[in-house]
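Down below is the structure, laid out as structure tokens.
The values are calculated or read from the model by the stated rules, or taken from the named source; none is laboratory data. What you are looking at is a predicted structure, and each value in this text was computed from that prediction instead of being measured. No Cβ is skipped: glycine too gets one built from the backbone with ideal geometry, and neighbour counts run over all protein chains shown. Remember, those area values only see protein heavy atoms, side chains included, never the ligands or the DNA or RNA. Shrake-Rupley method; radii C 1.70, N 1.55, O 1.52, S 1.80 Å.
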Amino acid sequence: MVLNLYPWLLPDYEKIRQTFLNGRGHHALLLRSESGIGTEQLAKATANLLLCQHINAAQKACGQCHSCQLFRAGSHPDFYLLAPIENKDIGVDQVREISEKVSQHAQQGGNKVVYLQGAERLTENAANALLKTLEEPRPQTYFLLQSDISAALPATIYSRCQPWVIHCPSTQKAAQWLMEECTASAQDIAIALRINYGRVLSARDCLQGEMLQKRLILFTQFWRFYQRKDPLELLPHFDKEIIFQQLDWLISFLSDALKARLNISQHWLNTDFSKAVNQFAERQSAASLLRAYRIMQNIRSDLATINGVNQELILLDGLSKLLINKETA
Ligand SMILES: [Zn+2]
């Protein structure tokens, strides 16, 4: 039995599988995709295929051999994961350590697989160190690199890999799958897919985590904040666990409001809140909405990049700026 793959990953997996079975498998695959569609699963299924020691009659990983069992248990000694630790960039020491390990014989006597998650997070030195390893392919050693499709990778790394673009499922296929996975209504599924830009697993998490409800509460409170002008009242409605999600909701709300103000009716994200967005937009100038949009984006990037500063402080500071913006506009 192969690892269960999400249905939209199957065509790409089949193509990759065929290249290996035809002896044309590349020693370094670069899987590029949006996040939130399960590309990790595709990488792991490919690793499993490469590590299985009894490719069965259907030419798939058998799921039975010692290698498959070790892999499934997450303890295969010839499978190496290279990924950001505690959300820090992947450093040169991490790459060297793995390069050193794969230069030795495979402990199970078969292939060795390095799975590099978040290739765009390699530091420059780490990328150079990895390049050396990729330039001198060792027998029975495979690299599976995964990166965000919108992220830039060093051209040198890119040129050493066989690139694969892994696509999001169509809206229709994604909705069908969500219908079977979740208990949500067709309408909520459509909203969840839209506000998650078609990333089907993010949409599932959104539905299962009752995020649509949380989004409604946040929009209501944001509206109240604009009327009552009290940042301290809005502050408790931000939740550390989902703060970036919440800021993205507000950024998209302001972006839609700006579109409303400029009479642009296309590409709205929050179409389920179109009445509220229109009412919100009516009370402000386009310049004021644009400033608010930028302030929210700054809050988001400050929270993502500045470590060690109180989250509440950054939020409070940003929200206060929104109010000054409103009064002078
Ligand atoms: Zn096997």
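Per-residue answers, yes or no, for (1) in contact with a Pro (Cβ under 6 Å, 6 or more places away or on another chain); (2) open to solvent by 30 Å² or more (accessible area, probe 1.4 Å); (3) among the hydrophobic types (A, V, I, L, M, F, W, C):
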{"site": "PHE225", "(1), (2), (3)": "no, no, yes"}
{"site": "ASP230", "(1), (2), (3)": "no, yes, no"}
{"site": "ILE243", "(1), (2), (3)": "no, no, yes"}
{"site": "LEU247", "(1), (2), (3)": "no, no, yes"}
{"site": "SER252", "(1), (2), (3)": "no, no, no"}
{"site": "ARG261", "(1), (2), (3)": "no, yes, no"}
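I'd like to check something: does the stretch 147-154 contain any residue that is open to solvent by 50 Å² or more (accessible area, probe 1.4 Å) and over 21 Å from the mean Cα position of the chain (by Cα)?
From the stretch 147-154, those open to solvent by 50 Å² or more (accessible area, probe 1.4 Å) are 149-150, 152, 154; that's our starting set.
Still in the list and also over 21 Å from the mean Cα position of the chain (by Cα): none.
No, that holds for no residue.
Does GLU136 fit the bill of being within 18 Å of HIS27 (Cβ to Cβ), more than 13 Å from the ligand (Cβ to nearest atom) and among the charged types (D, E, K, R)? Walk me through how you get there before you give the answer.
Working: within 18 Å of HIS27 (Cβ to Cβ): yes; more than 13 Å from the ligand (Cβ to nearest atom): yes; among the charged types (D, E, K, R): yes.
Yes; evaluated as a whole, the condition is true for this residue.
Can you find even one residue in the stretch 84-91 that is within 28 Å of the chain's Cα centre (by Cα) and within 8 Å of the ligand (Cβ to nearest atom)?
Within the stretch 84-91, the subset within 28 Å of the chain's Cα centre (by Cα) is 84-91.
When the remaining residues are screened for being within 8 Å of the ligand (Cβ to nearest atom), the result is none.
For the stretch 84-91, residues within 28 Å of the chain's Cα centre (by Cα) and within 8 Å of the ligand (Cβ to nearest atom): absent.
What are the residues in the stretch 135-175 that are of a type in the set (Asp, Glu) and free of Cβ contacts under 8 Å to residues at least 40 places away in the same chain, if any? Lay out the reasoning, then the answer.
From the stretch 135-175, those of a type in the set (Asp, Glu) are 135-136, 148; that's our starting set.
Correct list: GLU135, GLU136.
Give the residues of the stretch 86-111 that are open to solvent by less than 100 Å² (accessible area, probe 1.4 Å) and assigned to a loop (DSSP other than H, G, I, E, B), sorted by residue number.
Scanning the stretch 86-111 gives ASP89, GLY91, SER103, GLN104, ALA106, GLN108, GLY109, GLY110, ASN111.
Quick check on the stretch 311-329: of everything there that is of a type in the set (S, T, N, Q) and open to solvent by less than 80 Å² (accessible area, probe 1.4 Å), which residue is modelled with the highest pLDDT? Even if it seems obvious, please write down each step before you answer.
First pass over the stretch 311-329, keeping only residues of a type in the set (S, T, N, Q): 311, 320, 325, 328.
Next cut, open to solvent by less than 80 Å² (accessible area, probe 1.4 Å) only: 311, 320, 325.
On the way: GLN311: 87, SER320: 94, ASN325: 53.
Checked the stretch 311-329; the qualifying residue modelled with the highest pLDDT is SER320.
Looking only at the stretch 272-295, which residues are part of a helix (DSSP H, G or I) and open to solvent by less than 20 Å² (accessible area, probe 1.4 Å)?
VAL277, PHE280, ALA281, SER288, LEU289, ALA292
What are the residue pairs meeting all of these: first residue in the stretch 63-84, first residue assigned by TED's automatic domain parsing to the domain that holds PHE143, second residue hydroxyl-bearing (Ser, Thr, Tyr) and near the ligand (Cβ under 10 Å from one of its atoms), Cβ atoms under 7 Å, and 6 or more apart or on different chains?
Listed pairs, sorted by first residue: HIS76/SER67.
Could you check how many residues of the stretch 102-122 are among the hydroxyl-bearing types (Ser, Thr, Tyr) and touching a strand residue (DSSP E or B) at 6+ places or on another chain (Cβ under 7 Å)? Outline the logic, then answer.
Start the filter on the stretch 102-122 by keeping residues that are among the hydroxyl-bearing types (Ser, Thr, Tyr), which leaves 103, 115.
From what's left, touching a strand residue (DSSP E or B) at 6+ places or on another chain (Cβ under 7 Å): 115.
The qualifying residues number 1.
Out of LEU82, LEU70, LEU116, report the one residue that is of a type outside the set (Val, Ile, Thr), modelled with pLDDT of 95 or more, crowded, with 20+ Cβ neighbours inside 10 Å and out of contact with any Ser or Thr (no Cβ under 9 Å at 6 or more places or on another chain).
Working: LEU70 fails: crowded, with 20+ Cβ neighbours inside 10 Å; LEU116 fails: out of contact with any Ser or Thr (no Cβ under 9 Å at 6 or more places or on another chain).
When all the criteria are applied, what remains is LEU82.
Pull up the stretch 11-65, narrow it to residues that are open to solvent by 20 Å² or more (accessible area, probe 1.4 Å) and among the basic types (Lys, Arg), then point me to the one that is nearest to the ligand (Cβ to nearest atom).
The selected residue is LYS60.
Suppose we filter LEU269, LEU247, LEU303 for residues that are of a type outside the set (Gly, Ala, Ser), closer than 22 Å to SER202 by Cβ and in a loop (DSSP other than H, G, I, E, B); which single one remains?
Numbers: LEU247 fails: in a loop (DSSP other than H, G, I, E, B); LEU303 fails: in a loop (DSSP other than H, G, I, E, B).
So the residue among LEU269, LEU247, LEU303 that is of a type outside the set (Gly, Ala, Ser), closer than 22 Å to SER202 by Cβ and in a loop (DSSP other than H, G, I, E, B) is LEU269.
For LEU234, which of the numbered conditions (1) open to solvent by less than 70 Å² (accessible area, probe 1.4 Å); (2) modelled with pLDDT under 95 fails to hold?
Only one criterion is unmet by LEU234, namely (2).
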